Each structure stands twice: as C-alpha cells, then as structure tokens.
C-alpha cells in the first residue's frame, strides 16, 4: 500500500476531495474572457527581431551547396544561421531519458529527409525582410529516392532514410527492430478456432491544428541567461532539450509559459525554442520565431499514420482463442516520440480482453513523411479503433450481440494478461453494462449479472448460446468482408444522357446573418 | 517603405497611427496600438480568432487592410467591459466554462456581441450561425453556445 505523507502539505490542502458535481472555476478564466491572458506572442520586447527558416522543397535529397551571398546582403538581415552554428546539431527528444539515439538536426546539413525540413534560419528586423532574404538563398539539391509507405520502407533494398537507423526501424534495447509480445501459442489457437478473421486497418496522420501556432520569443538576460517566452506544452522538457542542443547549463535558461493556445500533443517537440535562443545569442537581441499557419499544417509534426493487421481465431460460443497483431507506426523521417508510441501500443495489446494466445509485433518505421509526434492517447488511439472495429466484426461473425460479445471476452480480476501480469481493478464489464443501460441497448439478464470480480462473475466459457445461428461458411483467411465493411462497389451503370437542367429559380435576396457572411466572405465575393 | 497616416476610433477612443502599405488591421491593432486582444490564428481568414467589429459588423481583422478603416469605429474584446463589471457575455462565458485554452475566446466574444447588438434574443440556431466563422479547436462549442444563450437571458432579466 502506498503511503501518503499527508502531514507535509496538511495546511495547504483540504483533505475533503469530493469535488464531483460542484463547479470549480479555472484559475485562468478571468484572463480568457477579458482577453488579457498573455500568450507567448503577446510579449513585445524592445528591439525584437524576427526569425524564419528556409524549408526543403524535397522529401529526400542531398544538399550539395548552400549559397547565402545574396541573402546576406538583403535589407534588414541581422544574421543567417546554418547547421554549423548550432552547438549540438543532433538530438532526439527522448535522449533526456536515455531512450533512442540522436537522429535529428536542428538545421539540416548534408541531407534533407522530409519536405519542409529546416535548412537555414534568417534573423531580420521584420518578418517581411526575413521572408525576402529566404527567397534569395540558393540551395543545390540532389534528389534521392523516397519512401512514403511503412511496408515499402521495410522491404530489402528500400532507400535508407535516416542513417542513424539504417534498417528504417527504431532500435529497441540496442538489438530489437520492434516491440514484441509472445503469450501462449497463437497457431494452436487458430487451429482450434471455428472462425478466423484477418483484417487490415489504417489511420492517416492527424494534424493537431492548434489555434495558436507553435512559437517562442527569446531574449538575453543578466549573467549570460536567456529568458524564453514559449507556447510549449512541456516547459521543463523543452528547457532541457534546448540546454542540450545549445550546449549550455540548464540554469542559463529561464522558460516562461503555461498559457498555451491549444496543444493536443503538438507542442512538445521543441521546434522553435532552440533557434530563437540561438538567434538571441548570436545577435544579442530578443528574437521571435513563430510558425506560420501553413508551416504548422504542412511541416509540423502530426499524429503519425498507423497500419494495423489483426488476425483473430474465435470459437463458435464467442470466445476469442487467439489474436495476432502486426502494427506499423509511421514515424516520418525522425524518431521524435513515435518510439514511445510503439511501446505504449504494445503495452495496450490485446485490448481489455482476456485472450489465451497473443502474438504481436509493433514497429516504429522511418519514411520520408513529416516526423510524427504525440497526440491525445497516441500509440493507443488507432489500435483501439482497429480492435473495436474487429470486435464488432467478430460479434457479427458468430451471430452475437456486440455488447454481449465484449462481456464474454472482457478481462476480469485475476485473469492473466498477455504481458504476464495479473489483471487487477478491472471494470470493463461494469462499464459495458452501464453503457448499455444508458444507451437503452438491451442485453440479456445473464449478461446484466456478470461482474469483473473474480468470485462473482461466473465462468467465462459457459457463455450462453448465440442468438442466431453462426455463419458457418468456411472463409478464407485474408481480407474478409462482414456486414460492417463497406459493400463492394456496384457495377458501373450504363451512361445515360443527363436530364435537362431545371429552369433557374428566382432566389430571394439573402438576409444578413453575421457568421455566415463573414465565413462565406472568405471564399465568396461578399467580404466587407 | 512609405507610411500612411490613419485615424479611427478604437473602443470609443480616437487613435491615429502610421501604417505600412499592405498592413492588416490585426497588425495595426496588435503592433501599432498595442491591443493584444485580437489573436493571430491563421492570417488567412479561416479561424476567426482575430474577429473585431467595424461599425458594429464582425470582420476578420487579419484579412482586412488597415487603411480601409479610416474614420470608422473598431471594437475589440479589450473594450467589452469599461469598468470593474464584466460584460454579460464575459460573465456568461465564465459561468458556463466556455473557454479552455482561451485563444479563440476574444473572437468568439466579438462574434457573439455582433449578434447581440442586432438581436438581443437569439435562437440557438442563430447563435450557432453567428459563431460559425470561429474555430474552437478544444471543441468547446456546446458550452460556448450555452454561454451566449445564457447571456441573452441574463440581459433580459436586467432590462
């Protein structure tokens, strides 16, 4: 039992923590509604300069030559920063916890590995002058073969994206190219099964699209310190990352943040702070580096793409006998946090169900896409989508109600999980029961009486017979169809001549309506 | 670059500034006047975080040329309350927890104020339409809609 030393903060905290049902105001609410909350970009410092980066137009290319001569003469330019100016121009975010090898430069030097990778930074008196100088930089590229698909990246002979990981896979514990789970014997489970269902699931990258884009302002302070106003979600993590990249003790950096205009995981990557601090170091002036909306959407890390293959062996009475996973995480060109996402994914398999035979391999794979990062439950979200789609399909296959089917397979206290840990404090059964009740979804009485408690829930294999006869068609393994899949496209209809256009209707003049006018004004001609 | 003198009313106060050709109203407000209440979200008229009122009508200040507001009256979220008392919309946003990160809030408030000034008793559909040009990425739309409706009721009681 965990011992809580409540005496230490006894005078600071009321021990009565019954807060549910009582509204408690956010501490920053007054600032929000009076528009006085101070985001990083609301700091205007004397003599502030503006930093912008040149981004690669190629997804994979060798950099042969960078010509800055014209850009250096551009009006308003204070300093041009190249990779060689970055004290420690190779980093990986989780190196702070000794996880993974440094694989990503702050500014690319010899090679670019994704479209939009920063190569050169310009510090100028105004944003406009920074952009004008960027347009005068000449870079000579030698395009290289690209890979955008995780399965292609694993094939022998695929182009090497990131030389730190020559097999295009993140290396775990210095040896393994993936995370694995081996529990029981899936092949025996499949052999004993009445049905096999093998499916492929895929999730596209998802952009966080915070309303406030990433950015930071850094300014020189007394005793060689730098004060940094930042949008980061991870203040101390960013501080330590900057200390490493800039090769300064962390006590030289004073980070101020906490008021973040939406993050959702997209503001943990420390993309702007190292450059704005370096800009302040090299010019002795405050430097602001704010990512533009277009850059944010195209080149800042999204939730990564994932491809997931699940093969299940299931008994006629609804018990899942074996489950096999192959999860391919698209990390993009650099690791960022995808290595950790794969670990989280493996820890989550096979979902909250007790399955006696589980086999899983989870890969973190490098491609020429924009590096992926954290986003709301990353590592788990996509695989849960896949698992629960699969559960619906399996229920359909054996003719069971999807909620009852989950109750049959839900883990219970005392069950052995695939990670060889005993399930404790489980509550999936109770959750499904409450969800069914709230949704007015009828489940049968035996299922209403089930419990997660070891002694109370009855024996799992004595599942009641299915409502209807199971589908006994001997399906081939592979991409099988169930009623949950989209139907096959109908044969094309013969081309008929289009019907004559209806006579134009007299349109009444649209009534003024504020939001609609403003919104359509962006794309239409009615802008004020 | 040539600068142009520009005079307009800002939250009831006459202001005069010099602007660069092509400067947006958002830049003029934030950088020249120092009113940081309109926010930069996209700079292309997509998100509504920069919404201000020009002569009572909501506009996206990031795609409005500063020079076009000469002689007009601009209202921003900073001018919503004049004394210690919150504007009914601000109070309702607080009571209904209608802000999470707070970045869209100034724009939401101004879009809602424009609706209120024309229509003190809006329907739910009218509220939704009024804020349809404002993106809340924390997706707190329900509480924002409820806040605007609650503000309408609050104003009614006072009248």
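Quick notes on this structure:
- Residue selected from region A:1-55 under the condition crowded, with 16+ Cβ neighbours inside 10 Å and away from chain B (no Cβ under 13 Å), by the criterion farthest from the chain's Cα centre (by Cα): A:49
- Within region A:129-151, being under 26 Å from the mean Cα position of the chain (by Cα) and part of a helix (DSSP H, G or I) holds for A:150, A:151.
- Qualifying residue in region A:80-93 (condition: surrounded by 14 or more Cβ atoms within 10 Å (Cβ to Cβ), touching a residue at least 24 places away in the same chain (Cβ under 8 Å) and within 14 Å of chain B (Cβ to nearest Cβ)): no
- Any hit, region A:245-255, residues being modelled with pLDDT of 95 or more, within 26 Å of the chain's Cα centre (by Cα) and not in a helix (DSSP H, G or I): yes
- If you filter region A:340-352 down to residues that are touching a residue at least 60 places away in the same chain (Cβ under 8 Å) and surrounded by fewer than 24 Cβ atoms within 10 Å (Cβ to Cβ), you find that the one that is nearest to residue A:395 (Cα to Cα) is A:352.
Every residue, every condition in (1) in a helix (DSSP H, G or I); (2) closer than 19 Å to residue A:93 by Cα; (3) more than 25 Å from the chain's Cα centre (by Cα), yes or no:
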| residue | (1), (2), (3) |
| --- | --- |
| A:189 | yes, no, yes |
| A:197 | no, no, yes |
| A:202 | no, no, no |
| A:212 | no, no, no |
| A:223 | yes, no, yes |
| A:232 | no, yes, no |
| A:237 | yes, yes, no |
| A:270 | no, yes, no |
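- Residue within region A:41-63 that is modelled with pLDDT under 95, out of contact with any strand residue (DSSP E or B) (no Cβ under 8 Å at 6 or more places or on another chain) and under 20 Å from residue A:291 (Cα atoms) present: yes
- Any hit, region A:161-172, residues being modelled with pLDDT of 95 or more, surrounded by fewer than 14 Cβ atoms within 10 Å (Cβ to Cβ), within 21 Å of the chain's Cα centre (by Cα) and closer than 29 Å to residue A:386 by Cβ: no
- Flag if residue B:117 is more than 9 Å from chain A (Cβ to nearest Cβ), surrounded by fewer than 24 Cβ atoms within 10 Å (Cβ to Cβ), modelled with pLDDT under 95 and not in a loop (DSSP other than H, G, I, E, B): yes
- Residue within region A:261-279 that is more than 21 Å from residue A:344 (Cβ to Cβ), within 14 Å of chain B (Cβ to nearest Cβ) and touching a residue at least 40 places away in the same chain (Cβ under 8 Å) present: yes
- Checked against (1) over 20 Å from residue A:262 (Cα atoms); (2) within 12 Å of the chain's Cα centre (by Cα), residue B:106 passes all but a single condition, namely (1).
- Whichever residue in region B:130-146 is assigned to a helix (DSSP H, G or I) and more than 9 Å from chain A (Cβ to nearest Cβ) and, among such residues, is surrounded by the most Cβ atoms within 10 Å (Cβ to Cβ): B:144
- For region B:9-18, the set of residues classified as surrounded by fewer than 20 Cβ atoms within 10 Å (Cβ to Cβ), in contact with a strand residue (DSSP E or B) (Cβ under 9 Å, 6 or more places away or on another chain) and either within 11 Å of chain A (Cβ to nearest Cβ) or assigned to a strand (DSSP E or B) (or both) consists of B:9, B:14, B:15, B:16, B:17, B:18, listed by residue number.
- Of all residues in region B:61-79 being within 9 Å of the chain's Cα centre (by Cα) and not in a helix (DSSP H, G or I), the one that is nearest to the other protein chains (Cβ to nearest Cβ): B:76
- The set of residues in region B:28-60 being buried (at least 24 other Cβ atoms within 10 Å of the Cβ), over 16 Å from residue B:137 (Cβ atoms) and within 9 Å of chain A (Cβ to nearest Cβ) consists of B:37, B:38, B:58, B:59, B:60.
- Residues satisfying the stated conditions in region B:72-100, i.e. touching a strand residue (DSSP E or B) at 6+ places or on another chain (Cβ under 9 Å) and surrounded by fewer than 18 Cβ atoms within 10 Å (Cβ to Cβ): B:72, B:73
- Filter result for residue A:31 (modelled with pLDDT of 95 or more and at positive phi): no
The values are calculated or read from the model by the stated rules, or taken from the named source; none is laboratory data. Worth saying up front: this structure is predicted, and the values here are computed from it rather than measured. With ideal geometry, Cβ positions are generated from the backbone for all residues, glycine too; neighbour counts draw on all protein chains shown.
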